[in-house]
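Worksheet: the structure to be examined is printed underneath.
The values are calculated or read from the model by the stated rules, or taken from the named source; none is laboratory data. This structure is a prediction, so every number in the text was calculated from the model and none was measured. For neighbour counting, all protein chains shown are included, and Cβ atoms are generated from backbone atoms with ideal geometry for every residue, glycine included. For the accessible areas, the whole protein counts, side chains as well, though only heavy atoms, and no ligand, DNA or RNA atoms are used. Shrake-Rupley method; radii C 1.70, N 1.55, O 1.52, S 1.80 Å.
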Amino acid sequence: MDNILEIKDLVVRYETEDGLVKAVNSVNLALKQGASVGLVGETGAGKTTLAKSVMRLIQWPPGRIISGEILFEGKDLVSLTQEQMYNIRGKEISMIFQDPMTALNPVMTVGKQIAEVIGVHEAHLDEEGTKKKMEEMLQMVGIDPQRAEEYPHQFSGGMKQRVVIAIALACNPKLLIADEPTTALDVTIQAQVLELIRNLRDKLGTSLLLITHDLGVVAQNCEYVAIMYAGEIVEYGELRDVFHRGAHPYTKGLFDSIPKLTEKVDRLRPIEGMMPDPANLPEGCKFHPRCQYATPECGQVQPPEVDLGGGHIVRCMRYSGGKPIQSGE
Ligand SMILES: Nc1ncnc2c1ncn2[C@@H]1O[C@H](COP(=O)(O)OP(=O)(O)OP(=O)(O)O)[C@@H](O)[C@H]1O
Ligand SMILES: [Mg+2]
């Protein structure tokens, strides 16, 4: 199996009192076995919704997967029952959330929390075996196993996120989804945690979907990058293609807005104007109101996905048949 994850035409919405929030709109995304994909986009682009959909953690009400497929090793997760999903979540696919505290139980020792996950998914291990594995996990994320008896509040933010990573990797999942795993941490700790994820990925061969608004983090950690805008993937491809030959006007804007990839940005707000409210999306290309190249057609037609070669995909009317249209510049 070449692709561990294949998302096809996924549509996810929230039905709120204020209207229908079109959070994920016909997303296609494939992740090769063992590869890492960086998912980048402004706040509200739909990154977390997409990730939670893969985990089948979209809660109704107000959220719902309306249509599409999420193929994990060829099996459609959308059609599974929550019971069937229970065997996949945490074991085959794990997710690390932005804020480590929400993932940890404040009244349970960290050792017990790791052991619990191991106990659920590795039933063949006895108490002694589970404890040994738990200690190995702590060691692997750089925490002294002697601290297993401590509670989350006794750990610093970076240490807590290490515990969360230990829990996420305790069952050696095939796919790890990390949703801004370092945003809540200070800069030096961020680098350490990312290095840890990188090293563990190399060691364990885990496929990675890394959500971030930091292009520098993508450059250091990912082989592929997906640019998300208003619930759509507007560009996808190998890191070097998207970074050096970014084709979508939005992608270009993102890169032009940061002088150096190593520079820190808090939130992506690179281009004049704002991302549209997903409860009130424009017709045609969702980016056209902000786009310097927009033509009247862009306000009417949803751009198709065009492969510029080698799986470098862009959704923009300026590209037709794989070639940029030069007119109007
Ligand atoms: N439970 C919910 N109920 C209603 N709307 C929601 C809910 N969760 C998310 N949304 C909306 O869906 C859209 C996408 O949100 P999402 O959290 O997926 O974006 P994101 O790209 O992860 O943003 P951020 O970078 O801020 O984390 C936003 O407009 C958001 O307000
Ligand atoms: Mg998010």
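Return a yes/no flag: does segment 96-105 have any residue that is out of contact with any Pro (no Cβ under 7 Å at 6 or more places or on another chain), buried (at least 20 other Cβ atoms within 10 Å of the Cβ) and of a type in the set (Val, Ile, Thr).
The answer is no, given that none of the residues of segment 96-105 is out of contact with any Pro (no Cβ under 7 Å at 6 or more places or on another chain), buried (at least 20 other Cβ atoms within 10 Å of the Cβ) and of a type in the set (Val, Ile, Thr).
Would segment 176-186 turn up any residue that is away from ligand 1 (no atom under 16 Å from the Cβ), in contact (Cβ under 8 Å) with a residue 40 or more places away in the chain and touching a helix residue (DSSP H, G or I) at 6+ places or on another chain (Cβ under 8 Å)? Break it down stepwise before answering.
In the first step, residues of segment 176-186 are kept if they are away from ligand 1 (no atom under 16 Å from the Cβ); the result is 176, 186.
From what's left, in contact (Cβ under 8 Å) with a residue 40 or more places away in the chain: 176.
Adding the requirement that they be touching a helix residue (DSSP H, G or I) at 6+ places or on another chain (Cβ under 8 Å) leaves 176.
Yes, segment 176-186 contains at least one residue that is away from ligand 1 (no atom under 16 Å from the Cβ), in contact (Cβ under 8 Å) with a residue 40 or more places away in the chain and touching a helix residue (DSSP H, G or I) at 6+ places or on another chain (Cβ under 8 Å).
For VAL193, are the conditions met, namely being crowded, with 21+ Cβ neighbours inside 10 Å and under 25 Å from the mean Cα position of the chain (by Cα)? Reasoning before the result, please.
Values: crowded, with 21+ Cβ neighbours inside 10 Å: yes; under 25 Å from the mean Cα position of the chain (by Cα): yes.
Here the answer is yes, as VAL193 does meet what is asked.
Can you list the helices (runs of 4 or more DSSP H) found entirely within segment 150-251 that contain at least 1 residues being of a type in the set (Gly, Ala, Ser)?
Details: elements: 157-169, 187-204, 215-221, 239-244.
Per the criteria, 157-169, 187-204, 215-221.
Which one is farthest from GLY157 (Cα to Cα) among residues in segment 121-139 that are touching a helix residue (DSSP H, G or I) at 6+ places or on another chain (Cβ under 7 Å) and part of a helix (DSSP H, G or I)?
It comes out as THR130.
Just need a number here: residues in segment 15-64 that are within 16 Å of ligand 2 (Cβ to nearest atom), open to solvent by 30 Å² or more (accessible area, probe 1.4 Å) and of a type in the set (Ser, Thr, Tyr).
So the count comes out to 2.
Quick one: is PRO282 out of contact with any His (no Cβ under 6 Å at 6 or more places or on another chain), modelled with pLDDT of 95 or more and within 16 Å of ligand 2 (Cβ to nearest atom)? Reasoning before the result, please.
Numbers: out of contact with any His (no Cβ under 6 Å at 6 or more places or on another chain): yes; modelled with pLDDT of 95 or more: yes; within 16 Å of ligand 2 (Cβ to nearest atom): no.
Answer is no for this residue.
Among LEU204, LEU208, which is within 21 Å of ILE4 (Cβ to Cβ), in contact (Cβ under 8 Å) with a residue 24 or more places away in the chain and open to solvent by 50 Å² or more (accessible area, probe 1.4 Å)?
Matching residue, one of LEU204, LEU208: LEU204.
If ILE70 passes every condition in (1) in contact with a helix residue (DSSP H, G or I) (Cβ under 6 Å, 6 or more places away or on another chain); (2) open to solvent by less than 30 Å² (accessible area, probe 1.4 Å); (3) more than 13 Å from ligand 2 (Cβ to nearest atom); (4) under 30 Å from ASP186 (Cβ atoms) but one, which one does it miss?
Every listed condition holds for ILE70 apart from (4).
Checking LEU215 against (1) over 23 Å from PRO181 (Cβ atoms); (2) buried (at least 18 other Cβ atoms within 10 Å of the Cβ); (3) at pLDDT below 95; (4) not small (Gly, Ala, Ser), only one condition comes out false. Which one?
So LEU215 meets the others, but not (1).
Go through (1) touching a helix residue (DSSP H, G or I) at 6+ places or on another chain (Cβ under 6 Å); (2) at pLDDT 95 or above and name the single condition LYS91 misses.
(2)
Only one of these conditions is not met by VAL11: (1) part of a strand (DSSP E or B); (2) closer than 21 Å to GLU235 by Cα; (3) touching a residue at least 60 places away in the same chain (Cβ under 8 Å); (4) of a type in the set (A, V, I, L, M). Which number is it?
(3)
So if I check each of ILE58, ILE118, ILE70, ILE114, which one is out of contact with any Asp or Glu (no Cβ under 6 Å at 6 or more places or on another chain) and in a loop (DSSP other than H, G, I, E, B)?
On the way: ILE118 fails: in a loop (DSSP other than H, G, I, E, B); ILE70 fails: in a loop (DSSP other than H, G, I, E, B); ILE114 fails: in a loop (DSSP other than H, G, I, E, B).
Just one listed residue meets the conditions, ILE58.
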